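Student: Structure incoming, see below.
Every number in this text was worked out from the coordinates using simple rules, so none of it is lab data. Computed from a prediction, not measured in an experiment: that's the story for all the values here. Here the Cβ is made from the backbone with ideal geometry for all residues, glycine too, and neighbour counts use every protein chain on show.
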Amino acid sequence: MGAARTLVLMPSTTDSLSRVTAEIVECRRCPRLVAWREDVARTRRASFADQEYWGRPVPGFGDPKAHLLVVGLAPAAHGGNRTGRVFTGDRSGDWLFAALWRAGYANQPTSVSADDGLRLTGAYVAAAVRCAPPANKPTPAERDNCVPYLTREMRLLADVRVILTLGHFAHDVTCRLLGVRPKPRFGHGSEAPAPSGITLLGCYHPSQQNTFTGTLTEEMMDAVLARARQLGEPSPGG
């Protein structure tokens, strides 16, 4: 990413979340990712053979007045790349949105399609990289091509006080973007201060590898979201 710069989180008077979304879905900056996401959309998984895949970059989703921003790695090939909504239609999304529902951030515990009625209150979900990468491993150049989108979203989400990073990759990208130096240690439930009064919270990624092995449990995810609400919501009379 080159030399790190501290992101000044001042709201933009000319940009908008809808503009960022429109630019994301039309993005073709990374030839390898474009080829992969479109090939997956053409060939499809057998269990989704009758569905039309999104096959494009996946924008952020949620409440423009959110105090919590959740940052993941990238869309899943047969999840967000299929449904067109971040963390939607895959096992990781099942875990994340069920936890957001238990914490009071979502109106329902499931996220299966872009038109399923899901709404978030107080939370916004995005990814460090917006296209599904082969083997879930974007290159540094692909990562850097996507960072401006997350930068703009952070500036526009002026009420965010907590950023929950799902896994090492999202943690590293967020620390670089915000200019947090030295980079704080990542761990489940880790906390670190960031500019503009924001707190970085760490959370293990809700991947099948983590949830099937018990590395991440529902209780662990509930605890970190409870902490996010405690840190993010204004105190009574504040």
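Student: Are any residues in the stretch 60-105 over 18 Å from M220 (Cβ atoms), of a type in the set (A, V, I, L, M, F, W, C) and more than 11 Å from the chain's Cα centre (by Cα), and if so, which ones?
Tutor: A66, A76, A77
Yes/no per residue for (1) surrounded by fewer than 23 Cβ atoms within 10 Å (Cβ to Cβ); (2) under 23 Å from L33 (Cβ atoms); (3) touching a residue at least 12 places away in the same chain (Cβ under 8 Å):
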site: L68; (1), (2), (3): no, no, yes
site: P75; (1), (2), (3): no, yes, yes
site: H78; (1), (2), (3): yes, yes, yes
site: G84; (1), (2), (3): yes, yes, yes
site: R91; (1), (2), (3): yes, yes, yes
site: W95; (1), (2), (3): yes, no, yes
site: A106; (1), (2), (3): no, no, yes
site: T110; (1), (2), (3): yes, no, yes
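Student: Report whether or not E142 is in contact (Cβ under 8 Å) with a residue 12 or more places away in the chain and over 13 Å from the mean Cα position of the chain (by Cα).
Tutor: Yes; evaluated as a whole, the condition is true for this residue.
Student: What single numbered condition from (1) assigned to a helix (DSSP H, G or I); (2) in contact with a Phe, Trp or Tyr (Cβ under 8 Å, 6 or more places away or on another chain); (3) within 17 Å of A135 (Cβ to Cβ) fails to hold for W36?
Tutor: W36 satisfies all of (1) assigned to a helix (DSSP H, G or I); (2) in contact with a Phe, Trp or Tyr (Cβ under 8 Å, 6 or more places away or on another chain); (3) within 17 Å of A135 (Cβ to Cβ) except (2).
Student: Considering (1) in contact with a helix residue (DSSP H, G or I) (Cβ under 6 Å, 6 or more places away or on another chain); (2) on the phi > 0 side of the Ramachandran plot; (3) not hydrophobic (A, V, I, L, M, F, W, C), say which one G117 fails and leave the rest.
Tutor: (1)
Student: What number of residues in the stretch 19-33 are loosely packed, with under 13 Cβ neighbours inside 10 Å and part of a helix (DSSP H, G or I)?
Tutor: 2
Student: In the stretch 129-169, how many are farther than 20 Å from P64 by Cβ and of a type outside the set (F, W, Y)?
Tutor: Number satisfying all stated conditions: 22.
Student: Restricting to strands (runs of 3 or more DSSP E) lying wholly in the stretch 131-235: which have 3 or more residues that are touching a Ser or Thr at 6+ places or on another chain (Cβ under 6 Å) and small (G, A, S)?
Tutor: By residue number, no strands (runs of 3 or more DSSP E) qualify.
Student: Under 9 Å by Cβ, and 6 or more places apart or on different chains, what pairs join a residue from the stretch 120-133 that is farther than 12 Å from V147 by Cα and touching a residue at least 12 places away in the same chain (Cβ under 8 Å) with one that is hydroxyl-bearing (S, T, Y) and surrounded by fewer than 24 Cβ atoms within 10 Å (Cβ to Cβ)?
Tutor: P133/T139
Student: Additional query: Output the residues belonging to the stretch 120-158 that are among the basic types (K, R) and within 17 Å of D63 (Cα to Cα).
Tutor: R152, R155
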